[in-house]
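Colleague: The structure that follows is given in the form of structure tokens.
None of the figures in this text is laboratory data; all of them are computed from the coordinates on show. Just so it is clear, the model here is predicted, and its values are computed rather than measured. Please note: Cβ atoms are built from the backbone with ideal geometry, for glycine as well, and neighbour counts cover all protein chains shown.
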Amino acid sequence: MAKVDLTALGYDELCDYLRRESGLPGPRANLTLVDQTATLLPRRTLSGLADEQDEYLAMCGVAGMARACMSQAGQADAELDQLAGYVRDPRWRLREGFVRGLQLAAVDNPTAVAELVHRWVRSPDLAVVRAAVEAICEPRLLKYSEMCAAALDACAVSTTTLSDTEAQPRTDRWRGLEQTLSYAWSVAVAAEPVRGLPMFEALEAAPSPLVRRIAVRNRTKKRLARLL
């Protein structure tokens, strides 16, 4: 594929190009192009994409909006709270786009993202909690102690939140958080095994069947299995 300057395209040309190169329909969307779009395009264009009916275009726009918000000192919290509606969107690609945008922002501004995760993982909304855990539990981001600590904290807090509601009716958001925690612990522990392994061992000995089930699923991940 020839390299295209996304910033030189008119809006309609851009939309046509993104659709054509999206990789959809197919087994996997073109996430590299999502990242490029989110990083290179101006806010106005990203906002337009986020409102498109086409799911891939909207994913690109949401990723870019989330990333851009984190670069605005003093404005990120209010705007991200507004954009948090995307983590509740029934279209999973938009939810993925939002998380991906936070991960892109963390490359240049890890402290801001770690602080956001610390706050969001304590939300009563399990969709927001899930987005926070998914944003921080990404191997390429866990190169610094601050981010590793944030990932372990996110896993611990969200696991407690989930287990505290174990007796309540299982909603889609509840199941979604369980699914995320079924791999997230392996990412966080592998990045910081000295602190993480004792925390993981406590999961395996927990009285909650749910918590033990989460531990069992994480044990199957190669990144963690090699440490156990």
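Colleague: So, in nm, how far is label residue 111 from label residue 140 when the simple model puts each one 7 Å beyond its Cα toward the Cβ?
Modeller: It works out to 2.4 nm between the two label points.
Colleague: Mind checking the stretch 111-177 for GluC sites (Glu not before Pro) that DSSP puts in a loop (not H, G, I, E or B) and that have at most 15 other Cβ atoms within 10 Å?
Modeller: On the way: sites: 115, 134, 146, 166; in loops: 166.
Listed in order of number, the matching sites are 166.
Colleague: Separate question: Could you point to the residue in 162, 196, 121 farthest towards the positive end of the chain's charge dipole, with +1 and -1 charges on the Cβ of Lys/Arg and Asp/Glu respectively?
Modeller: 196
Colleague: In whole Å, what three semi-axes, largest first, describe the equivalent ellipsoid of the stretch 1-108 built from its Cα gyration tensor (square root of 5 times each eigenvalue)?
Modeller: Values: eigenvalues 91, 48, 30 Å².
The three semi-axes for the stretch 1-108 are 21, 16, 12 Å.
Colleague: For residue 143, list the aspartates and glutamates whose Cα falls under 14 Å from its own Cα; do not include residues on the same chain fewer than 8 positions away.
Modeller: Of all the aspartates and glutamates, those that pass the test against residue 143 - Cα under 14 Å, at least 8 places apart if same chain - are 108, 192.
Colleague: Taking the dipole about the Cα centre of the chain, with the C-beta of Lys and Arg at +1 and of Asp and Glu at -1, give me whichever of 150, 78, 38 is farthest to the positive side.
Modeller: Value computed over the given set: 150.
Colleague: I need 136, 214 ordered by Cβ neighbour count within 10 Å, fewest first.
Modeller: 214, 136
Colleague: If you don't mind, there's one more thing I want to ask. Computed on alpha carbon atoms, what radius of gyration and Dmax characterise the chain, expressed in Å?
Modeller: Radius of gyration, then largest Cα-Cα span, for the chain: 18.2, 58 Å.
Colleague: In addition: Taking R0 as 22 Å, what FRET efficiency do you get between residue 3 and residue 71 from their Cβ-Cβ distance, rounded to the nearest 0.05?
Modeller: 0.30
Colleague: Would you list 120, 174 from fewest to most Cβ contacts within 10 Å?
Modeller: Numbers: 120 24, 174 18.
Ascending Cβ contact count within 10 Å gives the list 174, 120.
Colleague: Between residue 204 and residue 164, take the C-beta separation as r, use R0 = 22 Å, and let me know the FRET efficiency to the nearest 0.05. Can you show the working numbers first?
Modeller: Numbers: r = 19 Å, r/R0 = 0.86.
So, using R0 = 22 Å, E works out to roughly 0.70.
Colleague: Would you mind ranking 93, 20, 88 so that the residue whose beta carbon has the fewest other beta carbons within 10 Å leads the list? Walk me through the numbers before you get to the answer.
Modeller: On the way: 93 19, 20 9, 88 15.
Ascending Cβ contact count within 10 Å gives the list 20, 88, 93.
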